[in-house]
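S.K.: The structure is given below, and queries will be raised subsequently.
The values are calculated or read from the model by the stated rules, or taken from the named source; none is laboratory data. Remember, it's a predicted structure, so these values are computed and weren't measured experimentally. So basically every Cβ, Gly included, is an ideal-geometry build from the backbone, and we count neighbours across all protein chains shown.
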Amino acid sequence: MGDITTLTRKRASIASVFFVPVALGAATLAQGQVSSDDEVVREAKPSRSVENVLREEHALFSDRLTLEPGINYSYSDRSQLALRGFLALDAIFLGEINVDNVKSHITTLDLSTRYGLTDRLELGLNIPVVYRSSTYRSTGVESGPELSELTTDDGGLGDISASLSYRLLPETQSRPDVVINLGVRAPTGTDPYGIATREDPTNTNLVVPTELPTGNGVWAVTTGASLLKTLDPAIVFTNLGYTYNIEESFDDISASEGKQSGKVDLGDSIRAGFGTAFALNERLSLSLSYSHEYIKKSKTTRGGETNKVIGSDANVGVFSLGGTYAMSDKTSIVTSLGMGLTDDASDISLTFRMPFQP
């Protein structure tokens with residue numbers, strides 16, 4: 001798309017990858033002797049606070065089913081936009097939008113399920129429902145004194161994802177616990193392609209989309225590795241991940257009148273991060289973390305011509321404060337407050353989750 005000049009670089013992101021040293025203490029971990037083959041033997045079950053940290057940041061490999069309903073709210077405020085394309089929820093909206101300021105609110109309700117088939121294999125499934133609301137503001141033509149605004153909101157099913165985690169190597173005195181994972185994301189949400197625009201009748205300088213997407217519109221495959229090492233009195237682990245978006249054809253990828261078919265190849269992404277968490281007692285833990293995601297440029301193909309979308313690459317950095325509290329042996333509360341440290345990240349993100357094992 002040669003006429004695309006600028007693209008907002010906002011990816012709600014975030015992938016959750018961390019490098020986390022967790023101050024836990026030998027009594028909390030309840031780690032026992034070392035066997036003859038040098039493998040770490042845990043004689044007692046970890047505390048609930050430790051289990052919560054492992055479940056959220058690594059993999060617990062529990063032989064019990066875990067249901068985890070959650071809610072996430074993110075807010076971003078972008079100013080001085082003059083767009084010919086629009087990036088929303090990891091996808092490209094192809095249209096002509098002229099705004100000076102955009103305030104976006106995204107609320108996601110989701111249900112995650114996890115089940116450890118063995119002490120080495122864990123399955124996961126996530127089903128999200130997304131509600132989005134964006135308010136667009138602009139001054140009059142030629143930057144006149146009049147200020148007008150329009151609001152667009154939409155909601156519906158998001159992109160469903162499934163994952164498989166496998167413990168490749170168990171932890172020993174000399175090596176970390178090594179887990180590899182593989183995931184698939186299906187385009188079950190509303191895609192952002194071919195969405196029409198509307199113009200403010202009192203301000204021709206304000207052009208906004210008529211609806212907002214709830215998904216990316218393409219299939220994606222994710223892979224990664226997680227390493228965990230017990231260093232009394234701490235647990236240290238690091239995660240790396242990569243997402244490959246599969247190129248997809250659409251009947252319409254333009255907001256102009258009439259259908260304009262084409263292909264969209266969303267940019268792949270690389271994720272990494274680090275942080276620390278502290279198990280304060282048997283039930284309560286606190287954490288600090290930083291995650292970073294680099295997103296490559298996207299491409300569009302129309303009429304046999306392929307063009308990179310200028311400005312579609314992004315760096316998403318988020319610093320998070322989190323905590324977990326075990327209400328009982330079956331139910332916990334997980335909270336996280338994320339603060340965007342780069343221009344492409346949401347300004348703020350707040351998450352509440354409640355994993356429980358029936």
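S.K.: Output the qualifying pairs, or none if there are none: Cβ atoms under 6 angstrom, residues six or more apart or on different chains, first residue in segment 160-185 and farther than 15 Å from Ser226 by Cα, second residue outside any strand (DSSP E or B).
M.R.: If the second residue must be outside any strand (DSSP E or B), the pairs left are Ile160/Ala186; Ile160/Thr188; Thr172/Asp38; Gln173/Asp38; Arg185/Asp159.
S.K.: Give the number of residues within segment 180-204 that are under 27 Å from the mean Cα position of the chain (by Cα) and either among the aromatic types (Phe, Trp, Tyr) or in a loop (DSSP other than H, G, I, E, B) (or both).
M.R.: So the count comes out to 11.
S.K.: Determine if segment 347-354 includes at least one residue that is farther than 21 Å from Pro128 by Cα, touching a residue at least 40 places away in the same chain (Cβ under 8 Å), part of a strand (DSSP E or B) and hydrophobic (A, V, I, L, M, F, W, C).
M.R.: no
S.K.: Restricting attention to segment 187-205, report how many residues are at pLDDT 85 or above, of a type in the set (Gly, Ala, Ser) and surrounded by fewer than 20 Cβ atoms within 10 Å (Cβ to Cβ).
M.R.: 0
S.K.: When you go through (1) in a strand (DSSP E or B); (2) within 25 Å of the chain's Cα centre (by Cα) one by one for Thr301, which number turns out not to apply?
M.R.: Going through (1) in a strand (DSSP E or B); (2) within 25 Å of the chain's Cα centre (by Cα) one by one, Thr301 breaks only (2).
S.K.: To continue, here is another question. Among the residues of segment 288-298 satisfying the criterion of being crowded, with 22+ Cβ neighbours inside 10 Å and hydroxyl-bearing (Ser, Thr, Tyr), which is farthest from the chain's Cα centre (by Cα)?
M.R.: Residues of segment 288-298 that are crowded, with 22+ Cβ neighbours inside 10 Å, as a first pass: 289, 291, 293, 295, 298.
Filter once more, so that each one left must be hydroxyl-bearing (Ser, Thr, Tyr): 289, 291, 298.
Numbers: Ser289: 15, Ser291: 10, Ser298: 18 Å.
Among them, the one singled out is Ser298.
S.K.: Out of (1) at pLDDT below 85; (2) farther than 21 Å from Leu228 by Cβ; (3) surrounded by fewer than 20 Cβ atoms within 10 Å (Cβ to Cβ), what's the single condition that is false for Thr276?
M.R.: Only one criterion in (1) at pLDDT below 85; (2) farther than 21 Å from Leu228 by Cβ; (3) surrounded by fewer than 20 Cβ atoms within 10 Å (Cβ to Cβ) is unmet by Thr276, namely (2).
S.K.: Here is a check on your reading of the model: is Thr276 within 30 Å of Thr324 (Cα to Cα) and assigned to a strand (DSSP E or B)? Walk me through it before giving the result.
M.R.: Working: within 30 Å of Thr324 (Cα to Cα): yes; assigned to a strand (DSSP E or B): yes.
Judged against the criteria, Thr276 is a match.
S.K.: Looking at segment 307-327, which of the residues that are touching an Asp or Glu at 6+ places or on another chain (Cβ under 9 Å) and either without any contact (Cβ under 8 Å) to a residue 12 or more places away in the chain or among the hydrophobic types (A, V, I, L, M, F, W, C) (or both) is nearest to Asn245 (Cα to Cα)?
M.R.: Across segment 307-327, the extreme among qualifying residues is Ala314.
S.K.: From Ser312, Ser328, which residue is in a loop (DSSP other than H, G, I, E, B), modelled with pLDDT under 90 and over 30 Å from Asp251 (Cα atoms)? Quick ask: steps written out before the conclusion?
M.R.: Numbers: Ser312 fails: over 30 Å from Asp251 (Cα atoms).
Exactly one residue qualifies, and that residue is Ser328.
S.K.: Any residue at all in segment 154-170 that's assigned to a loop (DSSP other than H, G, I, E, B) and over 24 Å from Pro69 (Cβ atoms)?
M.R.: Looking only at segment 154-170, we keep the residues that are assigned to a loop (DSSP other than H, G, I, E, B), and these are 158-160, 170.
Those left that are additionally over 24 Å from Pro69 (Cβ atoms): 170.
Checking segment 154-170: at least one residue is assigned to a loop (DSSP other than H, G, I, E, B) and over 24 Å from Pro69 (Cβ atoms).
Yes or no, residue by residue, for (1) of a type in the set (Lys, Arg); (2) modelled with pLDDT under 95; (3) touching a Pro at 6+ places or on another chain (Cβ under 9 Å):
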site	(1), (2), (3)
Thr172	no, yes, no
Pro176	no, yes, no
Arg185	yes, no, no
Val207	no, yes, no
Thr210	no, yes, no
Thr223	no, no, no
Leu231	no, yes, yes
Asn239	no, yes, no
